[in-house]
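The values are calculated or read from the model by the stated rules, or taken from the named source; none is laboratory data. Just so you know, these numbers come straight off a predicted model, no measurement behind them. Methodologically, a virtual Cβ is constructed for each residue, glycine included, from the backbone with ideal geometry; neighbour enumeration extends over all protein chains shown. Note: accessible area is taken over every heavy atom of the protein model, side chains too, but ligands, DNA and RNA are not part of it. Shrake-Rupley method; radii C 1.70, N 1.55, O 1.52, S 1.80 Å.
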Amino acid sequence: MLKFEKNDYTIEEVTLCGETIRFRAFRDLIYVEKPVNEEFQKMNLFVPECYYEGASLHGYDLGSAPVFMPNTVGGYMPGPADEPGTNPFLQGRPNTIFRALQHGYVVASPAIRGRVQKGADGRYNGKAPSAWLIIKRPCDISTSSRMSCLAMRAKLSPMERVPEVRCHP
């Protein structure tokens, strides 16, 4: 069962190359019911703050924004959840999360287990395809890029009270 506290967020601003984005950050959301490696089974969710103020951005609003889901995995190695900021490979230019927020996307950035990780029992617990299958379930995004149940939780108005979410039966 995915638990998501919609009032547990920070409002942040990041300025890069003279451009500023303002967003709501929901961090360290555990996306599995029984994590075997909590550090790599969580995600960060970022939503343009203007949506909570009733505005739209590039034609999107709180009900229509697509979800962008980047990852930091390479070669089936573990990858941490990422943040809006600079691209480490492009000399200080904004990363894809920054650009996606700037264009009105909601960003779900998961940490993902990798092939080198072992559990307390010494067995590998992050080998392919388990890490990808687990991340697919809570973040199931349809081909038309509609919000997953997790991202929809972030889009609820502050007046709604929903203590937890069951993404899939």
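Only residues that are touching a strand residue (DSSP E or B) at 6+ places or on another chain (Cβ under 7 Å), among the polar types (S, T, N, Q) and within 15 Å of residue 52 (Cα to Cα) were counted across the range 7-34, and they come to 1. Tell me, yes or no, whether the range 66-74 has at least one residue that is modelled with pLDDT of 85 or more, over 29 Å from residue 118 (Cβ atoms) and out of contact with any helix residue (DSSP H, G or I) (no Cβ under 7 Å at 6 or more places or on another chain). Within the range 66-74 (the criterion being modelled with pLDDT of 85 or more, over 29 Å from residue 118 (Cβ atoms) and out of contact with any helix residue (DSSP H, G or I) (no Cβ under 7 Å at 6 or more places or on another chain)), the answer is yes, since at least one residue qualifies. Kindly indicate whether residue 59 is in contact (Cβ under 8 Å) with a residue 24 or more places away in the chain, loosely packed, with under 15 Cβ neighbours inside 10 Å and more than 16 Å from residue 27 (Cα to Cα). When the stated conditions are applied, residue 59 passes them.
Please work out if residue 4 is assigned to a strand (DSSP E or B), open to solvent by less than 40 Å² (accessible area, probe 1.4 Å), at negative phi and touching a strand residue (DSSP E or B) at 6+ places or on another chain (Cβ under 8 Å). Answer is no for this residue. Criterion applied to 72, 15 was being polar (S, T, N, Q), part of a strand (DSSP E or B) and open to solvent by 20 Å² or more (accessible area, probe 1.4 Å), and the one residue passing it is 15.
Only residues that are surrounded by 19 or more Cβ atoms within 10 Å (Cβ to Cβ) and either modelled with pLDDT under 90 or farther than 23 Å from residue 19 by Cβ (or both) were counted across the range 82-105, and they come to 0. Quick check on the range 36-51. Is at least one of its residues in a loop (DSSP other than H, G, I, E, B), open to solvent by 30 Å² or more (accessible area, probe 1.4 Å) and of a type in the set (Lys, Arg)? No. In this structure, does residue 78 turn out to be open to solvent by less than 50 Å² (accessible area, probe 1.4 Å) and either closer than 17 Å to residue 114 by Cα or without any contact (Cβ under 8 Å) to a residue 12 or more places away in the chain (or both)? Yes; evaluated as a whole, the condition is true for this residue.
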